[in-house]
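See structure below.
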Amino acid sequence: MSTPASSPSTRILTKGNEAICLGAVAAGCRHYYGYPITPQNDIPEYMAAHLPALGGTFLQAESEVATINFILGTSASGKRVMTSSSGPGISLMQEGLSYMAGSELPAVIVNISRSGPGLGGIAPSQGDYFQAVKGGGHGGYRLIVLAPHSVQEMYTLTMLAFDLADKYRTPAMILGDAIVGQMKEPFVASPYDPSSTAEKPWALTGCAGRERQNLKSLHLKDNAIEVHNWKLHEKYERIRNEEARAESYMLDGATIAIVAFGTAARVSKTAIQWARKEGIAVGMLRPITLFPFPGREVFELARKVDVLLVIEMNTGQMVEDVRQCTPLHDRIAFLGKPCAMPTPEEILERIRTLAGRKG
Amino acid sequence: MSAPVKVPFSKAVYTRPRSLVDVRSHFCPGCHHGTIHKIVAECIDRYDLREKTIGVACVGCAVFLYDYIDVDVVEAPHGRAPAVATGVKRAQPDKFVFTYQGDGDLAAIGTSEIIHAANRGENLSVIFVNNTTYGMTGGQMAPTTMLGQKTSTTPYGRDFRGDGYPIRMAELLAGLEGTAYSARVAVSTPAQIRKAKESVRKAFEMQIGGMGLSIVEFLSTCPTNWGMKPLDAQKRVLGEMSEYFPLGVFKERKQADFA
Ligand SMILES: Cc1ncc(C[n+]2csc(CCOP(=O)(O)OP(=O)(O)O)c2C)c(N)n1
Ligand code: SF4
Ligand SMILES: [Mg+2]
């Protein structure tokens, strides 16, 4: 197993799941709790091996229900804390995530997603998009959702997830899949920049030298819950306005623009390079944040191109958000591949068809 | 006229503990939650723990723990208090952490969390209030509801054939290696209150000594949902409840075996 190299520019060959651990540790996370599930077991295994030596705590829970409540308790203590799981486990965490959103408690939740619904399968999938970006649990809330498409981003976006979670006092999710989790590629373990680390005066550390405090999601008095809902709404609006991130890839002069995230975007890059060699003006807008969704970018792009080709490893989820961002619905095309990675050949084929070319 | 006679009070026999907030209680007349809160506050004071305590509130009539006990409190989802407390204690091992849970909370929806916290020997203290019903939601059947007891969801009385048996948590948890202390107490007489306080002190000492999970089960009343007058509710605790749920200490660890 690798640990971050001393030189900030050294490239290390690492698995995506391990890069998440390295990013978390670099960002000062010393508490990890989880329950085994494929395809993310290398994350708890790495943390079990490395956290004790760093003075941290690894704890295997009896269930994901317990896991997310361990997380809630450590977060309430003011410490950076992370868990990881996959579909069935993330579903069990929804109750706790709703409580954490309501109690305004930060944490990083990694979903190395697999196929569903139900036990589904362990094939890579983007079928958890709705669950991730629309809230997932009860009561109306949002998670900040980041979608890495490389080992490098598994590292950097994990660090960012901790910063954003703390800044906005809300859980943040890394939405990956079996491909970005398991693939190995070189990445640069850039040092963590602690300049945006938020203070946590709200943490429960015992009331020495101050009044007692509490962290709760119950608001029964008068219209306190309505006030609380508007407060959360305002926070989500601020996140929408300030934190949307997307990569523009070869969009210069493009008449066809792919919109894809994570692994689907990664494969699309290859197809785009091939198509460009054939003289087809195609590029991609890759949402890096899924919540907040880069809606303005989609709106602008839709006005410039002939076709927005949305590619997802499901039967069509993000495409609904794309439709919401532009009135030009007849420009939207969709390529879905539930529970499997689309091949660059498949994507190229569709690009050619849309460009009116024969292969 | 002679000077007014001064009545010499030499000793206050009933005072409010420092850690108990001076507010009006929302609990129903004859409910024991208030008495149990006071015992917890007294034991926090006894070991001077107030400024290093984090309490974990449950979902049930005791959810407003933070309005009554003058310490930091985090609210857990229904039944998950032992898991939340685990997260607090693992992050702050030097702090004092306790949960306060009802019988629906601990013995039904949260069974998994309490059993595994106990089995791990989490260094926590658990205050468990058994009133044989779901007080907050209007008196439905709890896992501790007595056979034959009528509740809003056992209108013909609890029948073991369909509903199973009332569960004895203090004994069950005493059977786990990680449990350092397990006792059942009641607060229906002054003598019982004194004994209960001793048990809570023991439980807190276990945590202070790093011995593992300590739990004190209180036999409590819910006059409102039992449809009883407060005094009749006391009699029920002293009678049929204590018969089925015997008072006593079921486990007491003598020294930390994982030191
Ligand atoms: C997941 C979930 N299910 C159900 C409820 C509703 N609920 C609130 S309190 C409660 C039972 C409380 O009973 P108990 O734990 O015995 O506490 P008491 O009020 O009797 O002290 C229930 C079922 C809830 N809050 N959350
Ligand atoms: S409903 Fe029952 S448990 Fe709740 S406060 Fe009233 S008497 Fe106490
Ligand atoms: Mg109860």
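Of note:
- Residue within region B:87-106 that is within 16 Å of ligand 2 (Cβ to nearest atom) and of a type in the set (A, V, I, L, M, F, W, C) present: yes
- Qualifying strands (runs of 3 or more DSSP E) (wholly inside region A:1-100; at least 1 residues being within 11 Å of chain B (Cβ to nearest Cβ) and modelled with pLDDT of 95 or more): A:31-34, A:57-60, A:81-85
- Residue within region B:59-81 that is more than 21 Å from B:Arg194 (Cβ to Cβ), of a type in the set (Val, Ile, Thr), open to solvent by 40 Å² or more (accessible area, probe 1.4 Å) and in contact with a His (Cβ under 7 Å, 6 or more places away or on another chain) present: yes
- Residue-level analysis places A:Pro117 among those that are outside any strand (DSSP E or B) and modelled with pLDDT of 95 or more.
- Filter result for the condition that a residue is in contact with a strand residue (DSSP E or B) (Cβ under 9 Å, 6 or more places away or on another chain), facing another protein chain (nearest Cβ under 8 Å) and assigned to a loop (DSSP other than H, G, I, E, B), over B:Val74, B:Val63: B:Val63
- Residues of region B:68-88 include at least one that is modelled with pLDDT of 95 or more, closer than 24 Å to A:Tyr33 by Cα and among the basic types (Lys, Arg).
- B:Ile39 being outside any strand (DSSP E or B), of a type in the set (Val, Ile, Thr) and open to solvent by less than 30 Å² (accessible area, probe 1.4 Å): yes
- In region A:242-341, counting only strands (runs of 3 or more DSSP E) that sit wholly within it, the ones holding 1 or more residues that are among the aliphatic types (A, V, I, L, M) and touching a Pro at 6+ places or on another chain (Cβ under 8 Å) span A:246-249, A:256-259, A:282-287, A:307-312, A:332-336.
- Residue in region A:248-267 that is at pLDDT 95 or above, within 21 Å of the chain's Cα centre (by Cα) and surrounded by fewer than 17 Cβ atoms within 10 Å (Cβ to Cβ) present: yes
- In the condition set (1) in a strand (DSSP E or B); (2) without any contact (Cβ under 8 Å) to a residue 60 or more places away in the chain, A:Val145 is compliant with all but (2).
- Subset of region B:15-37 (residues that are within 16 Å of ligand 2 (Cβ to nearest atom) and either touching a Lys or Arg at 6+ places or on another chain (Cβ under 8 Å) or among the aromatic types (Phe, Trp, Tyr) (or both)): B:Phe27, B:Gly30
- Test: residue in region B:141-152 that is more than 16 Å from ligand 2 (Cβ to nearest atom) and either within 14 Å of chain A (Cβ to nearest Cβ) or over 20 Å from B:Cys61 (Cα atoms) (or both): yes
The values are calculated or read from the model by the stated rules, or taken from the named source; none is laboratory data. Computed from a predicted structure; not experimentally measured. FYI the Cβ positions are ideal-geometry reconstructions off the backbone, even for glycines, and counts take in every protein chain you see. Heads up: the accessible areas ignore ligands, DNA and RNA and are worked out on the full protein's heavy atoms, side chains in. Shrake-Rupley method; radii C 1.70, N 1.55, O 1.52, S 1.80 Å.
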